[in-house]
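Just below is one structure, and these are the notes that go with it.
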Amino acid sequence: MALPKPVERLWDELQSVRAEVLREAEGLSERQADWKPSEREWSVGEIIDHLTLAEINTGKLTSKLLKEAPAGVVFPADLTEFAPVPGGPLGPAEAPQVVWPGHGKSIDELITAMKATRVRSRQSVERLATCDPQTLTFKHFRLGEMDLGQWWRLQASHDLSHLEQLPQVKAAPGFPEQ
């Protein structure tokens, strides 16, 4: 499906960041994937699980908002860019319980789940391209009211934030050799 330019740019950003996240995680042993720099910090496996859960929930939100959307609303031809995520760059914050990761899950299963989630997300993004995302809003627990385009932009920036965290975990003193 040909996507409107802003949706295509969003998809490319999602894919680019996700490819980097996967490069950081693939090839790690279970021991490496489960290792945590401290009790309060997440392991690589937990970060992967968290990102997958966040994306699943953005997909569910997309389905919910599209079910509630009025019929006949199409993607605006004059929309050239999605609105920025409110509040600027996100810093560290306590994740909501719904996206809290599990510990000790198989890294291979986590990566497989992350890839499968992205396939489903493509369907959500294609559905985003069929409506006016500016009219579909939902309140974020920390950032306030956001439209559906902003929710997907948040997903990309969220992945990027955790992408920056992954090499830090792997470079921390005590990270297992294998």
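The values are calculated or read from the model by the stated rules, or taken from the named source; none is laboratory data. Keep in mind it's a predicted model, so treat the numbers as computed, not measured. Methodologically, a virtual Cβ is constructed for each residue, glycine included, from the backbone with ideal geometry; neighbour enumeration extends over all protein chains shown. Just so you know, the surface numbers come from the protein's heavy atoms only, side chains and all, with ligands and any DNA or RNA stripped out. Shrake-Rupley method; radii C 1.70, N 1.55, O 1.52, S 1.80 Å.
At 7 Å along the Cα-to-beta-carbon direction for both Phe138 and Thr80, put a label point, then send me their distance in nm to one decimal.
Roughly 3.0 nm, to one decimal.
Could you tell me how many degrees, from 0 to 90 and to the nearest 10, lie between the Cα long axis of helix 44-68 and the main elongation axis, the longest principal axis, of the Cα atoms of the chain?
Between helix and principal axis, roughly 20 degrees.
Given points 7 Å out from each Cα along the Cα-Cβ axis, report the Asp108 to Lys170 separation in nanometres with one decimal.
2.0 nm
Counting helices only, and only those DSSP H runs with n ≥ 4, report the 222 nm mean residue ellipticity of the chain as the sum of -39,500 (n - 2.57) divided by its residues, in deg cm²/dmol to the nearest 500.
Counting only the DSSP helices, I get -18500 deg cm²/dmol.
With the chain treated as a Gaussian network of Cα nodes joined by springs under 10 Å, which of Pro37, Pro133, Pro101 yields the largest mean-square fluctuation?
Pro37
What is the angle, in °, between the Cα long axis of helix 107-128 and the longest principal axis of the Cα atoms in the chain? Nearest 10 is fine, range 0 to 90.
10 degrees
For Leu28, what accessible area in Å² do you get when you roll a 1.4 Å probe over the heavy atoms of the protein chains, rounding to the nearest 10?
Estimated to the nearest 10 Å², Leu28 gives 30 Å².
How much length is gained if the chain between Gln97 and Glu126 is pulled fully straight, taking 0.36 nm per residue apart and subtracting their Cα-Cα distance, in nm to one decimal? It would help to have the intermediate numbers written out before the result.
Values: separation 29, 0.36 × 29 = 10.44 nm, distance 2.81 nm.
Taking 0.36 nm per residue and subtracting the Cα distance, the gain is 7.6 nm.
Label 7 Å along Cα→Cβ of Glu68; region 1-37 residues with amide nitrogen under 15 Å?
none
For the chain, what is the accessible area per residue in Å² when the probe is 1.4 Å? Don't skip to the answer; put the middle values down first.
Details: 9390 Å² over 178 residues.
Normalised by residue count, the accessible surface of the chain is 53 Å².
Would you pull out the residues with amide H under 5 Å of His140's amide H, same chain only if 5 or more places away, H placed 1.01 Å from N?
Glu145, Met146
Report, ordered by chain and residue number, the lysines lying within cross-link reach of Lys139, taken as a straight Cα distance under 22 Å and ignoring same-chain residues fewer than 8 apart.
Hits, sequence-local ones excluded: Lys60, Lys64, Lys67.
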